[in-house]
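One structure is given here, and the rest of the page talks about it.
The values are calculated or read from the model by the stated rules, or taken from the named source; none is laboratory data. What you see is a predicted model, and the numbers here were worked out from it, not measured in a lab. Virtual Cβ from ideal backbone geometry, glycine too; neighbours counted across all protein chains shown.
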Amino acid sequence: MVKPWKQISSKLIGDFRIFKLRSDVKISPRTGKEHDFYVLDSVNWVNVVAVTPDQQLVMVEQYRHGSNTVELEIPGGMMDAGETDPVATAVRELREETGYEGDHARLLGRIHANPAILTNTCFTVLVEKLPVEARRAIRLRRRSGDAAGAGGGSDETRRRRKNRPPPRRRRAVPLRFVAKGN
């Protein structure tokens, strides 16, 4: 049976705004030897599966610095300080990134995206019944770098936007296209 490792010490290596890096020393329950591990403390985040009444999956196109590529992704983002409800965060992120607001938002699941080195949880939220008229009403506008959308977001969100690139473009992709992997 796999047993937890006993932590001997933990040392903060650095605080990098969106995550903190720390070094933990733990003892292996199998060998009794000490080992050093690096851990990234990060806030929880949400991914939003947003579906229009005509079965289109809403996605955003954005530049990603880690991969140095433009990616087409489902909306999502970090939970701001003080936010405890992933469904409310998902609704906020969807509005900020796409301008869409929908009904019947519900939690689909939660995972630890990379439990080997990350401490956070990633929540996936489904938002359905996005009004068709919202597509016509959305006005893309430049907001110090974040996505198009209707809402201004929290103070923390506005602070994070300060140095981001221009707004993301949103797209709707037929679910049958996504499901088939084409």
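Could you figure out which of (1) outside the structural domain of ALA88 (by TED's automatic domain parsing); (2) closer than 18 Å to GLU96 by Cα isn't true of VAL51?
(1) is the only condition that VAL51 fails.
Out of segment 15-62, which residues are more than 30 Å from MET1 (Cα to Cα) and among the polar types (S, T, N, Q)?
ASN47, THR52, GLN55, GLN56, GLN62
Would you check which residues across segment 1-22 are in a strand (DSSP E or B) and either touching a Phe, Trp or Tyr at 6+ places or on another chain (Cβ under 6 Å) or surrounded by 14 or more Cβ atoms within 10 Å (Cβ to Cβ) (or both) and list them?
Within segment 1-22, PHE19, LYS20, LEU21, ARG22 qualify.
State all residues of segment 55-72 that are assigned to a strand (DSSP E or B) and either over 16 Å from the mean Cα position of the chain (by Cα) or not assigned by TED's automatic domain parsing to the domain that holds LYS129 (or both); if no residue qualifies, say none.
Selection gives GLN56, LEU57, THR69, VAL70.
Which of the residues that make up segment 1-59 are polar (S, T, N, Q) and under 24 Å from ALA81 (Cα atoms)?
SER10, SER23, SER42, ASN44, ASN47
Check ALA81, ALA88, ALA50 and return the single one that is part of a loop (DSSP other than H, G, I, E, B), among the hydrophobic types (A, V, I, L, M, F, W, C) and under 18 Å from PHE123 (Cα atoms).
Only one candidate passes the filter, namely ALA81.
Which one of these is over 23 Å from LEU21 (Cβ atoms), in contact (Cβ under 8 Å) with a residue 60 or more places away in the chain and surrounded by fewer than 19 Cβ atoms within 10 Å (Cβ to Cβ): GLU96, GLU71, GLU61?
Result: GLU61 is the single residue among GLU96, GLU71, GLU61 that is over 23 Å from LEU21 (Cβ atoms), in contact (Cβ under 8 Å) with a residue 60 or more places away in the chain and surrounded by fewer than 19 Cβ atoms within 10 Å (Cβ to Cβ).
Is it the case that segment 24-37 has a residue that's in a strand (DSSP E or B), buried (at least 17 other Cβ atoms within 10 Å of the Cβ) and either of a type outside the set (S, T, N, Q) or assigned by TED's automatic domain parsing to the domain that holds ILE74 (or both)?
yes
Scan segment 34-49 and give yes if some residue there is touching a Ser or Thr at 6+ places or on another chain (Cβ under 6 Å) and either more than 22 Å from ALA116 (Cβ to Cβ) or hydrophobic (A, V, I, L, M, F, W, C) (or both), otherwise no.
Looking for residues that are touching a Ser or Thr at 6+ places or on another chain (Cβ under 6 Å) and either more than 22 Å from ALA116 (Cβ to Cβ) or hydrophobic (A, V, I, L, M, F, W, C) (or both), one finds at least one in segment 34-49, hence yes.
Is segment 85-95 home to any residue that is assigned by TED's automatic domain parsing to the domain that holds PRO131, at pLDDT 95 or above and in contact with a Lys or Arg (Cβ under 9 Å, 6 or more places away or on another chain)?
Yes: segment 85-95 contains one or more residues that are assigned by TED's automatic domain parsing to the domain that holds PRO131, at pLDDT 95 or above and in contact with a Lys or Arg (Cβ under 9 Å, 6 or more places away or on another chain).
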